[in-house]
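Notes to accompany the following structure.
The values are calculated or read from the model by the stated rules, or taken from the named source; none is laboratory data. Source: prediction; values computed, not measured. Every residue, glycine as well, gets a Cβ built from its backbone with ideal geometry; the counts of neighbours run over all protein chains shown.
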Amino acid sequence: MIGLELYLGVSAVLFVIGVLGVLIRKNAIVVFMCVELMLSAVNISLVAFSASMGDVHGMILVFFVLCVAAAEACVGLAIVIAIYRNNITADISKINLLRW
Amino acid sequence: MLEAYLPIFVLLGIALFLAIVLAILSRVIGPYRPSATKLRPYESGMDPVGDAKERYSISFYMVAMEFIVFDLEIIFIYPWAVRYKELGLGTFFAVMVFILILTLGLIYTLKKESKNFQISKSTN
Amino acid sequence: MEIINDLLLFLPATIVAIGGLTVMMLDGYKARSRTIYTTTMVFLGIALGVASWDLLMQAPELIFSDMAGAGGTAAFGTFIVVFGTFFTVILTHDYLIGVKHNFPQVYPLLMFCTFGMIVLATANDLVTVFVGLETMSVCLYALAGIIRDKRLGVESALKYFVMGAFSTGFFLYGITLLYGATGSTSLPEIGAYTDGGLIYWGGVSLLLVAFMFKVSAVPFHMWTPDVYTGSPTTITAYMSTAGKTASFVALVLILDRAMPFIATELTATFSIIALLTMILGNAVAMVQDNVKRMLAYSSIAHVGYLFVGLAAGSVAGYSAVLFYLLAYTFMNVGAFGVVAYYEKNHDVHFNNVESYAGLGYQRPIMGVLLSIFLFSLAGIPISAGFNAKYLVFSAGIEAGLVSLVVVGVLASAASAYYYLRVMVYLYFREGKESVSLIEPKKVYSFSLVFLALLTLYFGVVPGGVTEMIYGYFSDSMLTATAP
């Protein structure tokens, strides 16, 4: 039997990796992947909490998280395609029309 | 303990036997007339010759995105489907409304994307 | 049947959702843009009527197995959101035709976004908050980049998307930790939990950080100016009024229902946030030459004033916040409406304050309207903005945050500089070349006049509304535990 703490630990580590990825990486697609990683990390702890408490609310929330993640990925990819058509780049450090 | 899995092993055995027999039978009985197109490796209907890094039509990405969205919506239908009888008529109609909304979205994308689908059809 | 009853209590959102689907199908079958616009307005008009009826008649009630609420704060939030959307759609139609990017997709997106906002503003459960927040945000990402062949708009959409998705992660982690600590996602049940602990406080702080991202309070405001400058002007108006209203109503609901016992602990945090937000928002707004960017920083400053009300942590503070949102919706939609009118006569980059020189005499009505809205935003008496600020600051004084309120009043006085600067250009500077302004459509100027009248009306007689809002919190835990 694996304890709740281990699940939460894995989830926290994955979440931090996701956050660091969003902050550090330059490619917009990789940034999206890191956002998805954050959401998946949350799913792990949700399911772990849900299972340890024997309560289904957490699991239902996981469904919504998955769906929202898909919708966000769609809109995000569409935006990247649009920006690629305008700029021919997916490098967010080159997207610098707006400052201060 | 292992005896409980016996039927599965039997099933595996039958499946393996049938597959081999059918493969041999088709080779022996079936006609064999090779052509250039038939011998080429199959790659989702695309021409496999040339640089793998060529630019794909944007419509592939559109279809992929639509697939992600419609594919994931099914997780809301699963829980209802397993407890279908217990949940009663009200939930049935609720799920039907949900599916109706999804269908409307599908019709919209088909209407909007019809041009893109046409392009990918004509290139094949 | 219970579900029918619930749907009736949730009628504004239902109408908006059905309207959104209808408009979407009309767009799919290539109806004329005019038809789509008219259909949108019909649905929104009905929804606005029902929302007003709910606002005046509906008693507070919980619906959908306690997932959402009707009446009370829910009806109030719904009303502001639908009201803001109604006028946004009128302005957007004209604006997009003016800048020659009349995409019909904007109407279904606006409708779905509004639906998300209503869900957010009526939520009684963190799951509902999440779904509403995301429905709203995903539509707003798309709306920000709706003019997709302009680099500026698409860039702002990408920035908004990255920051929004990032904050969504924090928000979800916050919900998860709160759920893990309290064993429930329902706001009142979380509110009943008093044990504290690391997981609980981690959840609370992540949740609040995510909300500060969404409402652009200062350490997390970086995306706001860029997104507000890059998006189509009327969409900016929509984000900064309806979107902010929905988020703030949800925040007030969470604070009031899910965290009533820790309101005093949060006062210090909110005070610091309010202080930073007011100072930075106003200071940076002063050096902006682009009017849209100036209004973006001014909206950050207004978030600062709103946080004074949240810092008060009392019923007076929360109801002041709700009134502020109402007043802010009138004046900000109006101000952006006039800016959009000036802009659509020229091109998308016609936003520099110098290009406003002498415009006040060209179309006198528009000049006067912009002046009224800017006066109100500056908080000059006989305007809704003044009363809203007065309520927020007096709630702060009552809660003993005197020094914070002093800073707020000073910041607010300083803000008059950059609002009045626009008016100086409008009336006291000679235009370099004669810029011709075409006459605005009747419905366009009529809606702006209506908003201006409301701004003035709530500047003179706010009494009835404030008492009504105060009544929403009659069963609040805060009143029960107040000394």
* Structure fact -> Residues of the stretch C:373-388 being in contact (Cβ under 8 Å) with a residue 60 or more places away in the chain and surrounded by fewer than 24 Cβ atoms within 10 Å (Cβ to Cβ), in sequence order, are C:Pro381, C:Ile382, C:Phe386
* Structure fact -> Scanning the stretch C:148-175 for residues that are surrounded by 24 or more Cβ atoms within 10 Å (Cβ to Cβ), in contact (Cβ under 8 Å) with a residue 60 or more places away in the chain and either hydroxyl-bearing (Ser, Thr, Tyr) or not in a helix (DSSP H, G or I) (or both) gives C:Ser156, C:Tyr160
* Quickly run through the stretch C:217-263 and pick out the residues that are over 29 Å from C:Asp195 (Cβ atoms) and touching a strand residue (DSSP E or B) at 6+ places or on another chain (Cβ under 7 Å). => C:Thr229
* Asked: Can you tell me which residue in the stretch A:1-21 is surrounded by the most Cβ atoms within 10 Å (Cβ to Cβ), limited to those that are at pLDDT below 90 and hydrophobic (A, V, I, L, M, F, W, C)?
  -> A:Leu4
* Asked: Looking at the stretch C:313-363, which of the residues that are in contact with a Pro (Cβ under 8 Å, 6 or more places away or on another chain) and not hydrophobic (A, V, I, L, M, F, W, C) is surrounded by the most Cβ atoms within 10 Å (Cβ to Cβ)?
  -> C:Tyr341
* Search result, residues across the stretch C:28-77 that are aromatic (Phe, Trp, Tyr), within 20 Å of C:Pro188 (Cα to Cα) and surrounded by fewer than 23 Cβ atoms within 10 Å (Cβ to Cβ) -> C:Phe64
* Has the stretch C:156-178 got at least one residue that is within 11 Å of another protein chain (Cβ to nearest Cβ) and farther than 23 Å from A:Val35 by Cα? -> no
* **Some residue of the stretch C:55-71 being hydrophobic (A, V, I, L, M, F, W, C), within 28 Å of C:Thr466 (Cα to Cα), assigned to a helix (DSSP H, G or I) and in contact (Cβ under 8 Å) with a residue 12 or more places away in the chain** => yes
* How many residues, within the stretch A:17-39, are under 17 Å from A:Val65 (Cα atoms) and out of contact with any Cys (no Cβ under 9 Å at 6 or more places or on another chain)? -> 8
* To do: Please specify each residue of the stretch A:39-59 satisfying the condition of being part of a helix (DSSP H, G or I) and within 7 Å of another protein chain (Cβ to nearest Cβ).
  => A:Leu39, A:Val42, A:Ser45, A:Leu46, A:Phe49, A:Met53, A:His57, A:Gly58
* To do: Answer with yes or no whether C:Met25 is away from chain B (no Cβ under 14 Å), surrounded by fewer than 23 Cβ atoms within 10 Å (Cβ to Cβ) and assigned to a helix (DSSP H, G or I).
  => no
* To do: Residue by residue through the stretch C:117-128, note down the ones that are within 11 Å of chain A (Cβ to nearest Cβ) and part of a helix (DSSP H, G or I).
  => C:Leu126, C:Val127, C:Thr128
* Among residues of the stretch C:129-141, those that are crowded, with 24+ Cβ neighbours inside 10 Å and either more than 7 Å from chain A (Cβ to nearest Cβ) or small (Gly, Ala, Ser) (or both), counted -> 7
* To do: Being part of a helix (DSSP H, G or I) and at the interface with chain A (Cβ under 7 Å from one of its Cβ atoms) is the filter here, so list the residues in the stretch C:179-189 that pass it.
  => C:Tyr179, C:Gly180
* Return only the number of the condition from (1) surrounded by 24 or more Cβ atoms within 10 Å (Cβ to Cβ); (2) of a type outside the set (A, V, I, L, M, F, W, C); (3) in contact with a Phe, Trp or Tyr (Cβ under 8 Å, 6 or more places away or on another chain) that C:Gln288 does not satisfy. => (1)
